[in-house]
Amino acid sequence: MTFHAAGESTDGETRGPERALALILLGPPGAGKGTQARQLVDRYGIPQISTGDMLREAVAQGTPLGKQAQGCMDRGELVADDVIIGLVGERLERDDARQGFLFDGFPRTIPQAEALDGLLSKMGRRLTRVVLLEVPAEVVVERNSARRSCPQCQETYHLLNRPPARDCLCDRCGVELVQRPDDHEDVIRNRMTVYGVQTSPLAEYYRRRGLLSEVDGQRAVDVVFGDVTQAVDAAQ
Ligand code: AP5
């Protein structure tokens with residue numbers, strides 16, 4: 001992966017704050033949000049803000065936040081809104097978020113979306129685009145069950161569609177891949193239920209404001225990426 005300075009896209013263009021990208025990737029568990037986000041980071045030179053990755057890091061480090069979040073995550077339930085909103089608020093204060101950001105896995109509830117509206121308004125920002133990756137339930141179960149993740153760099157693989165080059169080792173850092181505790185079928189099904197009840201209403205929330213693009217996430221990663229970037233580019 002090529003890294004670019006914050007705010008500098010692959011074409012070398014630097015964005016001023018008024019043009020800073022503020023993107024959201026929405027979609028059920030295993031829709032491909034993280035997979036697309038890592039490519040979008042490279043293309044647009046903005047940081048990925050994944051609340052799931054932040055929480056997993058806190059769990060791995062045994063911080064108070066990690067201890068508080070672990071039970072919910074293992075059961076496939078959402079962590080409390082105030083905890084998540086606090087985490088995101090702090091993350092947006094970091095320098096690299098000044099010229100844009102991409103949310104992956106946030107917001108997940110209407111109160112989180114309303115809190116984000118408040119945070120962005122304080123920063124003088126507005127959302128550029130919300131992209132909903134659509135995949136049916138059977139694909140969700142299959143993708144999550146076959147996912148293996150790198151505990152170090154968070155890169156994800158799929159045992160059939162995107163296997164690592166060397167048996168169960170991350171291509172980027174050589175660390176042994178693991179299966180996430182919430183990627184077992186009973187928990188996946190609970191995450192899908194939670195998504196349907198608490199997160200899917202966000203599609204209508206953003207559609208009403210003319211911010212939503214719906215993309216068929218069942219196709220090959222690069223084909224999906226083409227549609228996502230088209231939606232983002234058209235919104236700039
Ligand atoms: P989080 O980490 O956000 O999990 P998620 O939303 O369930 O999403 P995933 O990371 O499972 O999937 P993804 O869409 O990123 O798919 P991926 O690209 O990996 O959250 C985990 C937990 O943290 C939550 O359950 C909750 O407890 C807590 N949490 C996090 N944020 C929170 C919030 N805001 N509020 C409250 N609680 C929160 O792809 C999946 C697999 O498919 C991979 O194997 C990949 O290689 C493969 N794949 C991807 N794209 C394709 C494709 N196009 N074709 C074929 N295979 C593909």
> Out of the stretch 99-139, which residues are crowded, with 16+ Cβ neighbours inside 10 Å, of a type in the set (D, E, K, R) and within 29 Å of Gln68 (Cα to Cα)?
Replying inline: Asp104, Arg108
> Any idea which of (1) over 28 Å from Ser121 (Cβ atoms); (2) surrounded by fewer than 20 Cβ atoms within 10 Å (Cβ to Cβ); (3) modelled with pLDDT under 95; (4) within 16 Å of the ligand (Cβ to nearest atom) is the one Thr35 doesn't satisfy?
Replying inline: (2)
> Mind checking which residues of the stretch 94-119 are part of a helix (DSSP H, G or I), touching a residue at least 40 places away in the same chain (Cβ under 8 Å) and within 11 Å of the ligand (Cβ to nearest atom)?
Replying inline: Ala113
> Pairs, please: C-beta under 7 Å, at least 6 apart or cross-chain, first residue on the phi < 0 side of the Ramachandran plot and assigned to a helix (DSSP H, G or I) and in the stretch 174-191, second within 10 Å of the ligand (Cβ to nearest atom) and of a type in the set (A, V, I, L, M)?
Replying inline: Asp182/Met73; Ile188/Val140
> Can we say Val175 is within 23 Å of Pro151 (Cα to Cα), within 16 Å of the chain's Cα centre (by Cα) and hydrophobic (A, V, I, L, M, F, W, C)?
Replying inline: no
> Restricting the stretch 120-161 to residues that are within 10 Å of the ligand (Cβ to nearest atom), outside any loop (DSSP other than H, G, I, E, B) and aliphatic (A, V, I, L, M), which is farthest from Arg189 (Cα to Cα)?
Replying inline: Leu133
> Within the stretch 68-93, can you find the residues that are closer than 23 Å to Val130 by Cα, in a helix (DSSP H, G or I), within 12 Å of the ligand (Cβ to nearest atom) and touching a residue at least 12 places away in the same chain (Cβ under 8 Å)?
Replying inline: Asp81, Val83, Ile84, Ile85, Leu87, Val88, Arg91
> Looking at the stretch 210-236, which of its residues are away from the ligand (no atom under 11 Å from the Cβ), part of a loop (DSSP other than H, G, I, E, B), within 28 Å of Leu78 (Cα to Cα) and in contact (Cβ under 8 Å) with a residue 12 or more places away in the chain?
Replying inline: Leu211
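The values are calculated or read from the model by the stated rules, or taken from the named source; none is laboratory data. Since the model is a prediction, treat every value here as computed from it, not as a measurement. Neighbour counts are summed over all protein chains in view; Cβ atoms, including those assigned to glycine, are modelled from backbone coordinates with ideal geometry.
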